[in-house]
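Colleague: Structure provided below as structure tokens; questions to follow.
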Amino acid sequence: MSDWPLLSLITFLPLLGAAFIFFIRGEQEDIARNARSVALWFSLGTFVLSLWLWFSFERGTAAFQWAEEVLWIPGFNISYRMGVDGISMPFVLLSTLLTPLCILASWEAIKVRVKEYMIAFLVLETMMVGMFCALDLVVFYIFFEGVLIPMFLIIGVWGGARRVYSAFKFFLFTLAGSVLMLLAILAIYFETGITDIPTLLETRLPPETQKWLWLAFFASFAVKVPMWPVHTWLPDAHVEAPTAGSVILAGVLLKMGGYGFLRFSLPMLPLASADFAILIYVLSVVAVIYTSLVALAQEDMKKLIAYSSVAHMGLVTVGIFTVTQQGIEGAMIQMLSHGVVSAALFLIVGVIYDRMHSRLIERYDGLVERMPAYALMFMVFMLASVGLPGTSGFVGEFLVLVGAFQVNTAVAVLCASGMVLGAAYMLYLYRRVIFGKMTKEDLRTILDISWREKAIFAPLIAVVLWMGIYPMSFIDVMAASVANVIDNYEAALAAAEGPSLAALWPVE
Amino acid sequence: MISLDLTSALPEVFLACAAMVLLMLGVFRRAGSTRLVLVLTVVVLAVALLLIVFSPDDRALAFNGLFVTDNFTAYMKVLVLLGAALTIGMSLGYIEREQMDRFEFPVLMLFATLGMLAMVSANDLISLYLGLELQSLSLYVITAFRRDSVRSSEAGLKYFVLGALSSGMLLYGSSMVYGFAGSTNFEALAEVLAADLAFGRAPSLGLIVGLVFLLAGLAFKVSAVPFHMWTPDVYEGAPTPVTAFLASAPKVAAMALIVRVMVGPFGDLFEQWQQIVVVISVGSMVLGAFAAINQTNIKRLMAYSSIGHMGYVLVGLAAGTEAGVLGIVVYLAIYLIMNIGTFACILCMSQEGRMVERIEDLKGLGKSNPLMALAMTILMFSMAGIPPLAGFFGKYFVFLAAIKAGLYALAVIGVLASVVGAFYYVRIVKLMYFEEPAEVLDRPIGAVLRLMITGTSLAMVLFLLVAGPVVGGAGAAAAALFAG
């Protein structure tokens with residue numbers, strides 16, 4: 001390990017970019033142009049830096065790497081701690097990959113208040129990356145909540161017609177969940193006297209406390225994931241957010257919930273996790289089947305993809321709480337895959353929305369006639385979302401189902417049936433928009449995707465295929481950390497069982 | 001050694017003398033002296049601030065034990081003086097524009113500040129009352145300072161009548177306490193109660209009744225529910241700089257007083273007063289959150305907001321521990337700065353030279369004055385307690401204390417109220433950014449206000465960097481209170 005603070009650099013470089021943009025002065029046009037390019041260059045720089053993380057990352061160890069520590073609030077043992085392991089590192093990359101793509105995607109779509117928009121996005125990137133890197137509960141919470149401010153503004157200022165309602169719904173739902181998590185964090189601090197995550201991962205909390213803490217964390221993460229029945233903010237937020245906002249929302253923000261379950265609930269509160277796993281299964285299965293059915297009935301493309309997100313994230317939560325190597329790895333791959341695929345699908349919708357200013361499915365038909373390249377890209381992502389072998393979606397879903405079968409056959413069967421529904425709504429969407437005869441007059445002049453748009457989709461397609469064809473390069477990264485989580489979990493369960501067995505059969 | 005030791009009261013003595021000199025100056029120079037007197041007032045406050053910063057940290061008594069200074073009083077006095085100096089400084093433009101520029105205005109504020117310092121340092125029920133009344137009487141007058149305005153006079157009258165009622169309750173409570181404990185001195189009271197506890201005697205009922213009245217009188221001063229009724233009307237009716245003043249320094253002083261009285265002499269009655277504090281804390285948080293939702297006047301909104309904030313501060317008191325007091329101190333420091341910043345923004349709200357105070361008037365500020373809108377956004381998110389802004393840390397430390405003290409239900413109600421509260425703060429952000437401007441607010445805004453707004457909003461963002469020292473200082477302040 002080198003001793004320079006790579007993670008802090010990755011986290012705060014976008015913030016520096018935001019500060020740069022803040023001080024841009026001049027004519028309206030110049031400001032907009034400069035803001036766009038500064039934002040793009042800074043986010044690309046961040047991405048390049050984070051690639052260094054990928055290559056220098058030591059596989060096969062569960063330890064936190066690139067760790068940093070600076071004492072922050074001395075009396076309270078709170079430090080600024082950063083570090084990544086196999087679970088958080090891929091998410092850092094996901095965030096840094098999606099941000100420049102979002103900025104590219106907003107290049108022409110955002111025309112008003114470009115400067116503020118770019119600042120909001122770069123601040124958002126800092127918060128997201130910081131959240132995945134944070135190794136102190138308080139620092140984690142600050143980043144976790146800090147995301148709300150830029151996202152609220154992005155939805156509210158640059159969103160669609162019902163943006164105010166959606167922005168508020170998003171904000172209040174998430175806040176209500178997270179303040180309970182805050183109390184849980186305070187309670188953990190009170191119980192143990194530390195907020196240092198690596199140490200807490202080794203600490204055992206009393207079973208009764210675990211239950212309450214688990215529920216408090218659950219309140220926050222379930223809203224973020226989002227799990228049925230608290231998913232209702234998601235379709236609204238997705239539909240009203242500008243394209244890039246939806247991309248980040250689906251691509252990264254939803255992963256915060258899954259990441260939270262994996263980082264906190266499972267390792268720190270293993271006994272409660274075991275007790276409540278069934279709750280997670282039930283809610284997830286409902287999410288998978290119910291939201292898939294709801295997706296079938298949607299008229300609005302973004303809403304359809306939003307509901308599909310809820311279904312896909314349902315698989316993630318099932319995978320995590322199977323606590324098997326395959327299940328958790330599957331959940332991780334599924335999250336990464338969904339991060340890329342749903343982001344891409346929102347961008348796909350964004351492409352035609354920019355041209356026709358409508359997201360309604362009935363506004364489109366037979367696009368393949370005028371937009372063959374577009375149809376091809378749409379197909380790749382649509383199939384990845386369905387889970388076609390060879391794409392990333394397949395790997396994730398397959399592993400999750402393998403994990404689920406080991407633990408609970410009924411859950412696995414129900415989840416698998418959800419996947420069939422998934423294929424149904426995605427193929428149905430694709431048929432209505434792309435195939436058929438082009439009957440709408442105004443579609444006759446629609447243009448196929450431009451070079452800029454191709455440049456956005458190319459890396460996403462590459463990642464989707466890479467993950468689908470050779471998932472090992474991702475699984476290698478996370479395997480050791482996942483195994484560590486599972487060992488920890490089982491050791492904790494065994495330790496809790498120990499005394500009760502001893503009570504049943506006392507040794508003479 | 002108990003004696004008439006004036007050195008520890010040096011800042012107060014200086015302030016009292018300076019106030020009288022300034023009064024003379026105003027009287028003899030008459031017309032056109034307001035600006036000079038106001039600037040000198042701010043200078044005097046700054047000097048007093050320095051005197052406190054550079055005074056020794058040790059606990060010291062003066063005036064035969066009526067007056068105490070320690071780390072806690074020093075920290076609180078710094079906050080009071082800072083709040084007073086900033087709010088007086090930013091009132092200049094307003095009083096000149098609104099023809100309120102009489103030299104009595106800053107001088108009265110100076111007297112009120114002196115009263116607050118006396119409150120913070122009170123070590124006896126008598127000196128407590130003296131400080132409180134000096135503060136209150138000055139505040140009644142400046143609330144009604146625009147005597148030709150019906151609203152201002154009404155606010156002043158309302159404040160006076162209800163304030164007199166609360167003072168009455170306070171005095172009644174004090175007399176009960178004196179009657180049943182035999183002393184008004186805080187240390188003597190603590191000894192009596194400790195002796196009761198040591199011999200296993202239940203505290204006498206009369207004493208507890210006295211304590212309840214005392215607490216009711218003090219709760220009025222911090223406008224905690226159910227003694228909050230005056231707050232929205234007075235805030236709305238008073239001239240805006242006075243409202244800013246009311247919402248900042250006196251709140252800090254009164255809260256410091258409550259903390260000292262409860263933790264000091266009545267520390268052994270913790271179980272008795274904890275229930276009361278929990279109830280008024282929950283009431284304030286919940287009412288502050290829900291009642292603010294429907295407000296259309298921004299000053300009324302700020303009134304409910306301050307009721308809510310006082311509820312959060314009382315959460316720290318309900319914990320009754322050193323951690324709780326630390327939380328209170330941190331919260332008050334942040335609240336003060338945040339509040340001054342918000343009022344600086346409100347003072348900038350004018351259209352064609354006429355002050356406006358509807359929330360609606362902020363519509364589209366994001367377009368018409370992006371920097372002010374940004375500052376206001378930061379302040380509002382901070383008020384709502386969203387990290388990484390300063391407001392979050394205040395809530396963090398009080399709720400930490402509540403959890404430590406096992407007050408789980410209180411903590412849960414508190415955070416949920418903060419979500420409801422977030423709604424109305426964020427609504428202001430919504431108006432500024434998500435809607436088109438109806439009538440544009442005047443620009444440019446004065447240099448003092450601009451400085452104030454920039455400074456406070458930067459403080460909210462950069463609090464992260466100074467969190468260590470601020471919390472450390474608060475820790476020392478809290479420790480001072482629990483040392484004796």
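Colleague: Taking into account only those residues within the range B:402-413 that are touching a Gly at 6+ places or on another chain (Cβ under 9 Å) and facing another protein chain (nearest Cβ under 9 Å), which is least open to solvent (accessible area, probe 1.4 Å)?
Modeller: That would be B:Ala402.
Colleague: Which condition breaks for B:Met380 when tested against (1) open to solvent by 10 Å² or more (accessible area, probe 1.4 Å); (2) within 13 Å of another protein chain (Cβ to nearest Cβ); (3) in contact (Cβ under 8 Å) with a residue 12 or more places away in the chain?
Modeller: (1)
Colleague: Now for a different question. Within the range A:431-441, identify whether any single residue is among the aliphatic types (A, V, I, L, M) and closer than 30 Å to A:Tyr290 by Cβ, and answer yes or no. Step through it out loud before you land on a result.
Modeller: Of the residues in the range A:431-441, the ones among the aliphatic types (A, V, I, L, M) are A:433-434, A:438.
Right, trim to closer than 30 Å to A:Tyr290 by Cβ and you get A:433-434.
Looking for residues that are among the aliphatic types (A, V, I, L, M) and closer than 30 Å to A:Tyr290 by Cβ, one finds at least one in the range A:431-441, hence yes.
Colleague: Just checking, how many residues over the range B:298-325 are in a helix (DSSP H, G or I) and open to solvent by 10 Å² or more (accessible area, probe 1.4 Å)?
Modeller: In the first step, residues of the range B:298-325 are kept if they are in a helix (DSSP H, G or I); the result is B:298-319, B:322-325.
Remaining after also requiring open to solvent by 10 Å² or more (accessible area, probe 1.4 Å): B:300, B:304, B:312, B:322-323.
Counting residues in the range B:298-325 that are in a helix (DSSP H, G or I) and open to solvent by 10 Å² or more (accessible area, probe 1.4 Å) gives 5.
Colleague: Could you list all residues from the range B:221-249 that are open to solvent by 10 Å² or more (accessible area, probe 1.4 Å) and within 26 Å of B:Ser121 (Cβ to Cβ)?
Modeller: Across the range B:221-249, the qualifying residues are B:Lys221, B:Phe227.
Colleague: Shifting gears a bit: Do you know which residues across the range B:279-295 are assigned to a loop (DSSP other than H, G, I, E, B) and of a type in the set (A, V, I, L, M)? Spell out how you get there, then give the answer.
Modeller: From the range B:279-295, those assigned to a loop (DSSP other than H, G, I, E, B) are B:292-295; that's our starting set.
Those that are assigned to a loop (DSSP other than H, G, I, E, B) and of a type in the set (A, V, I, L, M): B:Ala292, B:Ile293.
Colleague: Filter the range B:378-408 down to residues that are more than 24 Å from the chain's Cα centre (by Cα) and not in a helix (DSSP H, G or I), then give me how many there are. Steps first, answer last, please.
Modeller: Of the range B:378-408, the ones more than 24 Å from the chain's Cα centre (by Cα) are B:403-408.
Filter once more, so that each one left must be not in a helix (DSSP H, G or I): B:405-407.
Summing the residues that are more than 24 Å from the chain's Cα centre (by Cα) and not in a helix (DSSP H, G or I) in the range B:378-408 gives 3.
Colleague: Scan the range B:429-466 residue by residue and report those that are more than 14 Å from chain A (Cβ to nearest Cβ) and in a helix (DSSP H, G or I). Full working, then the answer.
Modeller: Step one: list which residues in the range B:429-466 are more than 14 Å from chain A (Cβ to nearest Cβ), which gives B:438-453, B:455-456, B:459.
Once the filter is applied, which keeps residues that are more than 14 Å from chain A (Cβ to nearest Cβ) and in a helix (DSSP H, G or I), the range B:429-466 yields B:Ala447, B:Val448, B:Leu449, B:Arg450, B:Leu451, B:Met452, B:Ile453, B:Gly455, B:Thr456, B:Ala459.
Colleague: Looking at the range A:186-195, which of its residues are surrounded by 24 or more Cβ atoms within 10 Å (Cβ to Cβ) and within 15 Å of B:Val398 (Cα to Cα)?
Modeller: In the first step, residues of the range A:186-195 are kept if they are surrounded by 24 or more Cβ atoms within 10 Å (Cβ to Cβ); the result is A:186, A:188, A:195.
Within the range A:186-195, A:Leu186 is the sole residue that qualifies.
Colleague: Being open to solvent by 20 Å² or more (accessible area, probe 1.4 Å) and either more than 23 Å from A:Ala479 (Cα to Cα) or assigned to a helix (DSSP H, G or I) (or both) is the requirement here; does A:Arg25 meet it? Let's see the steps before the verdict.
Modeller: Working: open to solvent by 20 Å² or more (accessible area, probe 1.4 Å): yes; either more than 23 Å from A:Ala479 (Cα to Cα) or assigned to a helix (DSSP H, G or I) (or both): yes.
The answer is yes for A:Arg25.
Colleague: A further question follows. Limited to the range B:280-316, what total is found for residues that are more than 15 Å from the chain's Cα centre (by Cα) and not small (Gly, Ala, Ser)?
Modeller: Residues flagged as more than 15 Å from the chain's Cα centre (by Cα) and not small (Gly, Ala, Ser) within the range B:280-316 amount to 16.
Residue by residue, here is whether (1) at pLDDT below 90; (2) touching a strand residue (DSSP E or B) at 6+ places or on another chain (Cβ under 8 Å); (3) assigned to a helix (DSSP H, G or I) holds:
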| residue | (1), (2), (3) |
| --- | --- |
| A:Ser417 | yes, no, yes |
| A:Arg432 | yes, no, yes |
| A:Ile456 | yes, no, yes |
| A:Trp466 | no, no, yes |
| A:Pro499 | yes, no, yes |
| A:Glu508 | yes, no, no |
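Colleague: Please find, within the range A:28-44, the residue that is nearest to the other protein chains (Cβ to nearest Cβ) out of those that are within 24 Å of the chain's Cα centre (by Cα) and open to solvent by less than 30 Å² (accessible area, probe 1.4 Å).
Modeller: Within the range A:28-44, the subset within 24 Å of the chain's Cα centre (by Cα) is A:39-44.
Next cut, open to solvent by less than 30 Å² (accessible area, probe 1.4 Å) only: A:39-40, A:43.
Values: A:Ala39: 17, A:Leu40: 22, A:Ser43: 20 Å.
The residue in question is A:Ala39.
Colleague: Can you name every residue in the range A:388-404 that is of a type outside the set (Ser, Thr, Tyr) and either within 19 Å of A:Val482 (Cα to Cα) or part of a helix (DSSP H, G or I) (or both)? Can you show your working first?
Modeller: If we filter the range A:388-404 for residues that are of a type outside the set (Ser, Thr, Tyr), which is where we start, we get A:388-390, A:393-404.
A:Gly393, A:Phe394, A:Val395, A:Gly396, A:Glu397, A:Phe398, A:Leu399, A:Val400, A:Leu401, A:Val402, A:Gly403, A:Ala404 - these are the residues of the range A:388-404 that are of a type outside the set (Ser, Thr, Tyr) and either within 19 Å of A:Val482 (Cα to Cα) or part of a helix (DSSP H, G or I) (or both).
Colleague: Please pick out the residue among B:Pro370, B:Pro388 that is buried (at least 21 other Cβ atoms within 10 Å of the Cβ), within 14 Å of another protein chain (Cβ to nearest Cβ) and farther than 15 Å from B:Val252 by Cβ.
Modeller: Numbers: B:Pro370 fails: buried (at least 21 other Cβ atoms within 10 Å of the Cβ).
After ruling out the rest, the residue left standing is B:Pro388.
Residues are listed down the side, and each one gets a yes or a no for (1) of a type in the set (Ser, Thr, Tyr); (2) open to solvent by 10 Å² or more (accessible area, probe 1.4 Å); (3) in a strand (DSSP E or B); (4) within 12 Å of chain A (Cβ to nearest Cβ):
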{"position": "B:Ala344", "(1), (2), (3), (4)": "no, no, no, no"}
{"position": "B:Gly366", "(1), (2), (3), (4)": "no, no, no, yes"}
{"position": "B:Met376", "(1), (2), (3), (4)": "no, no, no, no"}
{"position": "B:Leu416", "(1), (2), (3), (4)": "no, yes, no, yes"}
{"position": "B:Gly421", "(1), (2), (3), (4)": "no, no, no, yes"}
{"position": "B:Arg427", "(1), (2), (3), (4)": "no, yes, no, yes"}
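Colleague: Grab the helices (runs of 4 or more DSSP H) fully contained in the range A:80-192, keeping just those with 1 or more residues being more than 15 Å from the chain's Cα centre (by Cα) and within 9 Å of another protein chain (Cβ to nearest Cβ). Even if it seems obvious, please write down each step before you answer.
Modeller: Numbers: elements: A:89-105, A:114-133, A:137-146, A:148-158, A:163-192.
In the range A:80-192, A:114-133, A:137-146, A:148-158, A:163-192 are the helices (runs of 4 or more DSSP H) which contain 1 or more residues that are more than 15 Å from the chain's Cα centre (by Cα) and within 9 Å of another protein chain (Cβ to nearest Cβ).
Colleague: Here is a further query. Across the range B:1-26, what is the total count of residues that are aliphatic (A, V, I, L, M) and open to solvent by less than 60 Å² (accessible area, probe 1.4 Å)? Steps first, answer last, please.
Modeller: Kept after step one, since they are aliphatic (A, V, I, L, M), are these residues of the range B:1-26: B:1-2, B:4, B:6, B:9-10, B:13, B:15-16, B:18-25.
Remaining after also requiring open to solvent by less than 60 Å² (accessible area, probe 1.4 Å): B:9, B:13, B:15-16, B:18-19, B:22-23, B:25.
Matching residues across the range B:1-26 total 9.
Colleague: Just to confirm my filter: which helices (runs of 4 or more DSSP H) fall fully inside the range B:99-194 and include at least 1 residues that are basic (Lys, Arg) and open to solvent by 30 Å² or more (accessible area, probe 1.4 Å)? Talk me through it step by step, then tell me what you get.
Modeller: Values: elements: B:104-121, B:125-143, B:150-181.
Correct list: B:150-181.
Colleague: Taking A:Gln298 as the residue in question, decide whether it is closer than 22 Å to A:Ala479 by Cα and polar (S, T, N, Q). Even if it seems obvious, please write down each step before you answer.
Modeller: On the way: closer than 22 Å to A:Ala479 by Cα: no; polar (S, T, N, Q): yes.
Here the answer is no, as A:Gln298 does not meet what is asked.
Colleague: I'm trying to understand the selection: among the residues of the range A:60-79, which are assigned to a strand (DSSP E or B), open to solvent by 50 Å² or more (accessible area, probe 1.4 Å) and more than 30 Å from B:Leu326 (Cα to Cα)?
Modeller: Result: A:Ala67, single match.
Colleague: Scan the range A:356-381 residue by residue and report those that are assigned to a helix (DSSP H, G or I), under 23 Å from A:Pro235 (Cβ atoms) and not acidic (Asp, Glu).
Modeller: Going residue by residue through the range A:356-381, those that are assigned to a helix (DSSP H, G or I) are A:356, A:361-363, A:367-369, A:372-381.
With under 23 Å from A:Pro235 (Cβ atoms) added as a condition, the list becomes A:356, A:361-363, A:378, A:381.
Passing the criteria: A:Met356, A:Ile361, A:Arg363, A:Phe378, A:Phe381.
Colleague: Answer yes or no as to whether B:Ile95 is closer than 28 Å to B:Ala48 by Cα, part of a helix (DSSP H, G or I), modelled with pLDDT under 90 and among the β-branched types (Val, Ile, Thr). Spell out how you get there, then give the answer.
Modeller: Numbers: closer than 28 Å to B:Ala48 by Cα: yes; part of a helix (DSSP H, G or I): yes; modelled with pLDDT under 90: yes; among the β-branched types (Val, Ile, Thr): yes.
Judged against the criteria, B:Ile95 is a match.
The values are calculated or read from the model by the stated rules, or taken from the named source; none is laboratory data. Being a predicted model, the structure only gives us computed values, none of them experimental. Cβ: placed from backbone, ideal geometry, glycine included. Neighbour counts: every protein chain shown. Side chains included, ligands, DNA and RNA excluded: accessible areas come from the protein's heavy atoms. Shrake-Rupley method; radii C 1.70, N 1.55, O 1.52, S 1.80 Å.
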